[in-house]
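Enquirer: Dropping the structure in here first, questions after.
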Amino acid sequence: QVQLVESGGGLVQAGGSLRLSCAASGKFFSINLMGWYRRAPGKQRELVAQITSGGTTDYAEFAKGRFTISRDNAKNTVYLEINSLKLEDTGVYYCATDVRPTSGSAWITNWGQGTQVVVSS
């Protein structure tokens, strides 16, 4: 069982910055892909960015330039830094990780509960 706990969301003015964190805990063999998704009001959840255990990153087109994903493998934690926040960045940000519970098991995607980000003008 893997638990993902997100933090760092909140109310911030446009132009400001935020750093989201997501820590994975519990019993598992290994973690590979860790990523961030978001769901804006009235829209479907979309990928923001993801990062492999080796540090390879992938960003959605809208996230290039203002968003930075990073991870600390020793802490099983992934971060998302958002700069120059815009009103349209408002939404719930979810952490997702691909975890292998045991050495012989398949990868399973786990989701966090989400952290709310509200950008005000």
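Enquirer: Hey, GLY65 hits all of (1) under 24 Å from VAL119 (Cα atoms); (2) open to solvent by less than 50 Å² (accessible area, probe 1.4 Å); (3) more than 12 Å from the chain's Cα centre (by Cα) but one; which does it fall short on?
Expert: Failing condition for GLY65: (2).
Enquirer: Just name the residue that is nearest to TRP36 (Cα to Cα) out of those in the range 106-121 that are assigned to a strand (DSSP E or B) and among the hydroxyl-bearing types (Ser, Thr, Tyr).
Expert: THR115
Enquirer: Please determine, by comparing only the residues of the range 10-49 that are among the polar types (S, T, N, Q) and more than 19 Å from GLN116 (Cα to Cα), which one is least open to solvent (accessible area, probe 1.4 Å).
Expert: Taking the range 10-49 first, the residues among the polar types (S, T, N, Q) are 13, 17, 21, 25, 30, 32, 44.
Applying the additional criterion that residues be more than 19 Å from GLN116 (Cα to Cα) yields 25, 30, 32.
On the way: SER25: 56, SER30: 31, ASN32: 55 Å².
Only one residue fits best here, namely SER30.
Enquirer: Looking at the range 75-100, which of its residues are of a type in the set (Ser, Thr, Tyr) and open to solvent by 50 Å² or more (accessible area, probe 1.4 Å)? Give the steps one after another, and end with the answer.
Expert: In the first step, residues of the range 75-100 are kept if they are of a type in the set (Ser, Thr, Tyr); the result is 77, 79, 84, 90, 93-94, 97.
The one that is of a type in the set (Ser, Thr, Tyr) and open to solvent by 50 Å² or more (accessible area, probe 1.4 Å): SER84.
Enquirer: Out of all the residues in the range 51-63, is one or more assigned to a strand (DSSP E or B), touching a helix residue (DSSP H, G or I) at 6+ places or on another chain (Cβ under 7 Å) and small (Gly, Ala, Ser)?
Expert: no
Enquirer: Same structure, new question: So, in the range 32-70, exactly how many residues are in contact (Cβ under 8 Å) with a residue 24 or more places away in the chain and more than 16 Å from TYR93 (Cα to Cα)?
Expert: Number satisfying all stated conditions: 2.
Enquirer: Could you identify the single residue in VAL48, VAL12, VAL5 that is over 15 Å from THR109 (Cβ atoms), in a strand (DSSP E or B) and modelled with pLDDT under 95? Give the derivation first.
Expert: Values: VAL48 fails: modelled with pLDDT under 95; VAL12 fails: modelled with pLDDT under 95.
Sole residue among the options that is over 15 Å from THR109 (Cβ atoms), in a strand (DSSP E or B) and modelled with pLDDT under 95: VAL5.
Enquirer: For SER103, all conditions in the list (1) farther than 18 Å from GLN1 by Cα; (2) of a type in the set (S, T, N, Q); (3) open to solvent by 70 Å² or more (accessible area, probe 1.4 Å); (4) not in a strand (DSSP E or B) hold save one; what is the number of the exception?
Expert: (1)
Enquirer: Something else now. If we keep just the residues of the range 15-43 that are of a type in the set (Lys, Arg) and in a strand (DSSP E or B), which is farthest from TRP111 (Cα to Cα)? Please lay out each step first, then the result.
Expert: Restricting attention to the range 15-43, the residues satisfying the condition of being of a type in the set (Lys, Arg) are 19, 27, 38-39, 43.
Still in the list and also in a strand (DSSP E or B): 19, 38-39.
On the way: ARG19: 18, ARG38: 12, ARG39: 13 Å.
Across the range 15-43, the extreme among qualifying residues is ARG19.
The values are calculated or read from the model by the stated rules, or taken from the named source; none is laboratory data. All of these numbers come straight from a predicted model, not from anything done at the bench. In this analysis, Cβ positions are derived from the backbone assuming ideal geometry, glycine residues included, and neighbour counts consider all displayed protein chains. Side chains included, ligands, DNA and RNA excluded: accessible areas come from the protein's heavy atoms. Shrake-Rupley method; radii C 1.70, N 1.55, O 1.52, S 1.80 Å.
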